[in-house]
Amino acid sequence: MQLSILKNRYSVLFSFIIVFLISSFLIRTGLLVASLVKTDLSFLAILKIYFTGTFFDLGVSFFIVVSYALYLLLLPQKWNNSKFNRIATYIWLFLVVLIFMFSFFAEITFWQEFESRFNFIAVDYLIYTYEVINNINESYPLPVLIGGILLLTSAVMYLFYKKKVFTNSFYSNTPFSRRLVISGLLIGLAVVYGFFVSNSLADGSQNRYQNELSKAGVYSFFAAFKNNELNYNDFYPLIEKKLAYQMIRKELSEQGSAYVKDGNSVRRKIDNGNSAYRPNVIMITVESLSAEFLGAFGSKSNLTPVLDSLAKENVLFTNMYATGTRTVRGMEALSLCVPPTPGSSIVRRPGNEKLTTVGHIFQQAGYNRTFFYGGDGYFDNMNQYFGSNGFDIVDRGKKIMVGESYTTKRTIITDDRVKFENAWGISDEDLYDAVIRGSDQYDKEGKPFYNFVMTTSNHRPFTYPAGKINIPSGSGRDGAIRYTDYTIGEFLKKAKTKPWFKNTVIIIVADHCASSAGKNEIDISKYHIPCIIVNLQSTPSKVIDQTCSQIDLYPTLFKLMGWNYESNLYGKNVLDPGYDSRIVLGTYQKLAYMKKDSLVILSPQQKIETYIYNRETNEQLPAKFPEPIIQQAISNYQTAYDLFKNSGLHW
């Protein structure tokens with residue numbers, strides 16, 4: 001095959017575009033084959049995937065070559081065959097081929113993890129390079145990977161040499177007028193793509209996999225970066241503001257609650273009986289613990305004997321759903337109890353200090369509050385969020401960052417306290433030992449404590465201390481789940497020997513599921529998580545089967561403990577006689593509200609989708625709903641966004 005389209009100085013540029021398009025075609029085909037059973041393919045669907053995909057691939061290629069096109073335009077003809085131009089061309093080609101080869105590998109591994117083209121998660125991973133590079137190093141044979149990428153890059157360079165692509169470029173004589181047309185066209189097309197071609201053009205199918213395969217990874221990456229925070233009022237459906245607050249206030253009303261003020265507020269007094277029960281509370285937020293992993297939810301793998309035993313003897317939520325697909329979403333839901341706002345989690349946004357969090361309620365009750373994390377809390381802005389909301393910090397940060405300041409103190413878990421560590425942090429055993437030490441200290445001080453604990457072991461690369469369980473470290477998710485379960489059991493054994501345990505409630509809940517990818521853009525079953533409340537004296541054993549979200553955990557716990565408090569939370573006590581099953585969840589752009597089996601999904605461009613959800617088959621069938629159901633969904637997200645942006649969630 002003759003790679004040079006034109007025997008002029010643009011020979012290298014156009015040949016690169018051809019190689020890039022062929023490589024993108026092969027990657028798309030590979031991902032398509034890997035997802036064949038989930039894609040619901042038809043002939044028209046295949047045409048759409050490849051036609052739309054090639055359209056986006058062209059856009060990416062224009063972005064890549066735009067700087068070189070400008071260089072070729074301005075390079076004087078007398079320098080075209082100079083040593084300078086040869087070296088510059090070789091370096092440019094080598095670097096761009098190396099980068100796109102690496103990006104293709106990254107797309108494959110990202111698809112393995114999330115079954116998606118690059119999205120906000122990829123943007124976040126680029127920012128937090130230390131954890132990601134170490135994660136890749138521990139998950140894949142990095143020397144082989146780098147060697148393979150270099151080999152492929154060298155092969156492309158050799159192909160260009162054999163096909164005389166370089167010769168056609170260096171020995172050509174292309175007039176400036178012609179260069180102006182070619183470079184101007186390429187630069188113009190790049191500008192058109194950058195400003196006028198939305199990544200959402202690929203989202204034309206009801207099948208999520210078809211939409212993702214129609215996209216280009218690099219294009220999706222920059223679209224996600226560009227849309228890091230979405231203004232709800234600009235992009236999502238709205239109702240009249242007064243009506244939105246009337247509807248949400250009605251939804252949040254329950255037995256024993258009274259609003260503190262009228263109008264645009266959800267702040268209310270909750271009267272649960274004024275109990276004297278003031279236990280310590282330790283919440284273990286477990287990384288990526290899907291409900292389907294537990295025997296209590298039907299698993300036959302016997303990976304969670306400790307959790308299954310706890311589920312039988314304590315308070316178990318059987319129908320709780322995570323609000324999102326990332327740890328920071330789980331943290332947001334469990335600490336602030338609000339529906340997910342579009343874009344990044346509030347944990348990662350500016351203006352997130354002094355919020356009316358669950359921690360603030362514990363503070364009002366006289367509790368010490370501490371955030372424990374096995375990794376470096378700089379990641380995902382965790383330390384800033386918890387620290388500026390009154391929590392002490394205990395994490396694995398190597399040092400105090402320059403300019404780092406919080407309203408509370410930070411303690412670093414030192415090397416002598418760590419027996420095992422991987423890219424994401426110390427083992428759960430080491431983290432729980434830190435929690436035990438901290439709890440001992442708080443008990444000596446004579447104040448009740450509330451600990452928010454975030455684990456890391458159930459995360460790729462799935463490595464943990466050897467000899468603890470009968471599944472080898474690093475062998476996959478099953479071993480990480482079994483180790484996670486084992487360490488919870490060991491933590492409880494140690495805690496039971498402490499004088500503070502008798503008056504301590506321990507919550508075990510997931511931050512999100514291990515995978516959110518499914519046939520649908522939002523697959524409800526992929527948000528189903530376990531939640532167990534252990535050692536609750538007032539209610540030692542109970543099954544709570546109401547459908548609810550993470551945001552409902554603490555309002556329900558406070559009811560079980562009989563607390564009176566002021567709430568600015570969107571969560572509800574699910575044991576209230578008037579509770580009507582509902583969940584809130586979403587991705588970075590799509591926001592879902594489900595009441596009983598009626599599912600409303602809100603998207604940018606003021607798009608509204610409505611479905612009937614079948615729990616038995618996990619099917620979402622399009623349906624028409626009465627206007628009040630749609631308005632109720634909108635009222636949750638519109639008011640939550642409004643309150644956060646206008647300091648209504650702050651104290």
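Quick note: the coordinates plus some simple rules give every number you see, no bench work behind them. Being a predicted model, the structure only gives us computed values, none of them experimental. When we count neighbours, we look across all protein chains shown, and the Cβ atoms used for this are built from the backbone with ideal geometry, even at glycine.
Tabulated data for the structure shown
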item	result
Reference-scaled alpha-carbon Rg (2.2 N^0.38 Å with N residues) for the range 516-579	1.32
Alpha-carbon spread of the range 278-579, three principal axes, descending order, Å	52, 45, 43
Amide H partners (placed H, <5 Å) of residue 582, local residues excluded	596
Ranked by how many other beta carbons lie within 10 Å on average, peptides 536-545, 474-483 from highest	474-483, 536-545
GluC sites (Glu not before Pro) within the range 547-616, DSSP loop, no more than 12 other Cβ atoms inside 10 Å	616
Tilt relative to the chain, helix 627-645 - C-alpha long axis, 0 to 90 degrees, to 10	90 degrees
Cα centroid separation, the range 100-117 to the range 444-472 (Å)	29 Å
Degrees, to the nearest 10: 327-336 long Cα axis against longest axis of the chain	30 degrees
Karplus (6.51, -1.76, 1.60) ³J(HN,Hα), θ = phi - 60°, over the range 369-377, in Hz, Gly and Pro reported as x	10, 9, 9, 9, 9, x, x, 8, x
Förster radius 22 Å - calculated FRET efficiency between residue 353 and residue 607 (Cβ-Cβ, nearest 0.05)	0.10
Percent antiparallel among DSSP beta bridges (both partners in the chain, rounded to 5)	55 percent
Beta bridges per DSSP with both ends in the range 278-579, % antiparallel, nearest 5	30 percent
Extension gain (nm, one decimal) between residue 40 and residue 444, 0.36 nm per residue minus Cα-Cα	139.3 nm
Interatomic Cα distance distribution for the chain, bins of 20 angstrom, percent	17, 47, 27, 8, 0
Distance between modelled label sites at residue 494 and residue 265, nm, 7 Å Cα→Cβ extension	4.5 nm
Virtual spin-label span in nm between residue 77 and residue 177, 7 Å along Cα→Cβ	1.2 nm
Net dipole in debye of the chain [+1 Lys, Arg Cβ; -1 Asp, Glu Cβ; about Cα centre; nearest 20]	1620 debye
Length-normalised contact order of the chain in % [C-alpha pairs under 8 Å, at least 6 apart]	19 percent
The range 159-248: GluC sites (Glu not before Pro) in DSSP loop, at most 14 other beta carbons within 10 Å	240
R0 of 30 Å, Cβ-Cβ distance residue 503-residue 470: FRET efficiency to nearest 0.05	0.25
Positive dipole terminus of the range 278-579, leading residue within 279, 321, 528 (C-beta point charges)	279
Computed lengthening from residue 99 to residue 142, 0.36 nm per intervening residue step minus Cα-Cα distance	13.9 nm
Charge tally in the Cβ shell below 10 Å around residue 498, where Lys, Arg are +1 and Asp, Glu are -1, residue 498 excluded	+1
Selected from 507, 537, 573, residue furthest toward positive end of dipole (the range 496-605; charges at beta carbon)	537
Hits among lysines - C-alpha to C-alpha of residue 590 under 20 Å, sequence gap 8 or more where chains match	215, 226, 519, 526, 607, 624, 645
Normalised alpha carbon radius of gyration of the range 585-626 [divisor 2.2 N^0.38 Å]	1.14
Angle between the chain longest axis and helix 129-139 axis [Cα atoms, degrees, rounded to 10]	90 degrees
Sites residue 231 and residue 109 - FRET efficiency at Förster radius 25 Å, r taken between beta-carbons, to 0.05	0.15
Positive-pole candidate from 339, 604, 24, dipole of the chain, charges at beta carbon	24
Mean Cβ neighbour count within 10 Å, used as a protection proxy, ranking 442-449, 372-379, 290-297 highest first	372-379, 290-297, 442-449
Derived scalar couplings ³J(HN,Hα) [the range 146-162; Karplus, 6.51 cos²θ - 1.76 cosθ + 1.60; whole Hz; x for Gly, Pro]	5, x, x, 5, 5, 5, 5, 4, 5, 5, 5, 4, 5, 4, 4, 5, 5
For the range 11-226, average projected area of the Cα convex hull in nm²	13.4 nm²
Under Karplus coefficients 6.51, -1.76 and 1.60, residue-wise ³J(HN,Hα) of the range 82-96 in Hz, glycine/proline x	7, 4, 4, 5, 4, 5, 4, 5, 4, 5, 4, 5, 4, 5, 5
For the range 526-602 and the range 224-298, distance of Cα centres in Å	8 Å
